[in-house]
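Worksheet: the structure to be examined is printed underneath.
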Amino acid sequence: MLALVIILALAVVLIVYAVGIYNGLVGLKENVRKAWANIDVLLSQRHDELPKLVETCKQYMKYEQDTLEKVMRARTAVAQAQTRGDLGKLGAAETQLRAGLGQLYAVAENYPELKANQNFLHLQNRISQLENALADRREFYNEAVNLNNIRVQVFPDVLVARRFAFPAAQLLEFTQEQKRDVDLKGLFGS
């Protein structure tokens, strides 16, 4: 009888422990999802601001259509990668967008009326703020992914993770080429 009570007590402890692990894994998975949703919101906000910036620039930059089109193509590539959740393509598209925006801001230097336009200044500032917020959110996302990935690989959590199909999440990483600063002098032959 005592052996049966001990076995039942151990079974209850193991079940409670496994439920605790399961709930912890669910929490980590949801933190990754929430961190990505935060990035998604900022990407969407930036996506909405870029056409306004391009339209403002079009009023002044009559001969810079190629620069404006590069920004819009990069914007589209970011949106497509974002929609598909393709983090590899998102990094490449983000690099294109950064280069396009850098080129746009550099070309804007040649247009004093544009640089003085309050709408342009507001949009430029807004996009810069969004870029800074995105950098912060990428860091939070990668931290959430890292915590999740550690937990789904350590013992005994790995047993519960495999049993209930908790996958490792993908870090948002950029290649060295993608992290390199944009060479504005090279873009404009200055």
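A few points about this structure:
- Nearest-ten-degree value, helix 87-108 long axis tilted from longest Cα axis of the chain: 30
- Label-to-label distance, nm, for residues given as Leu147 and Arg98 (7 Å Cα→Cβ offset): 2.6
- Pair Glu139, Ala106: separation of 7 Å Cα→Cβ label points (nm): 2.7
- The relative contact order of the chain comes to 30 percent, based on Cα pairs under 8 Å that sit 6 or more residues apart.
- Taking every DSSP helix (H) stretch of at least 4 residues in the chain, weighting each as -39,500 (n - 2.57) and dividing the sum by the residue count yields a mean residue ellipticity at 222 nm of -27500 deg cm²/dmol.
- Exceeding the 22 Å Cα-Cα cut-off - candidates Lys62/Lys115; Lys52/Lys115; Lys70/Lys115; Lys52/Lys89: Lys52/Lys89
- Between helix 2-58 and the chain: long-axis angle, C-alpha atoms, 0 to 90°, nearest 10: 10
- Projected onto its three principal axes, the C-alpha set of the stretch 1-92 covers 91, 20, 13 Å, listed from the longest axis down.
- Applying D = kT/(6 pi eta Rh) to the chain, where Rh is the Kirkwood radius over alpha-carbon pairs, T corresponds to 25 °C and eta to 0.890 mPa s, the Stokes-Einstein value obtained is 125 µm²/s.
- Straightening the chain between Leu121 and Glu69 buys 16.7 nm, computed as 0.36 nm per residue apart minus the Cα-Cα spacing.
- GNM flexibility winner over the chain from Phe155, Phe166, Phe120 (Cα, springs under 10 Å): Phe155
- Ordering of 93-102, 20-29 by packing [mean C-beta count within 10 Å, highest first]: 93-102, 20-29
Just so you know, all these numbers are worked out from the coordinates, no wet-lab data involved. Keep in mind that this is a model prediction, so the values were computed, not measured. For neighbour counting, all protein chains shown are included, and Cβ atoms are generated from backbone atoms with ideal geometry for every residue, glycine included.
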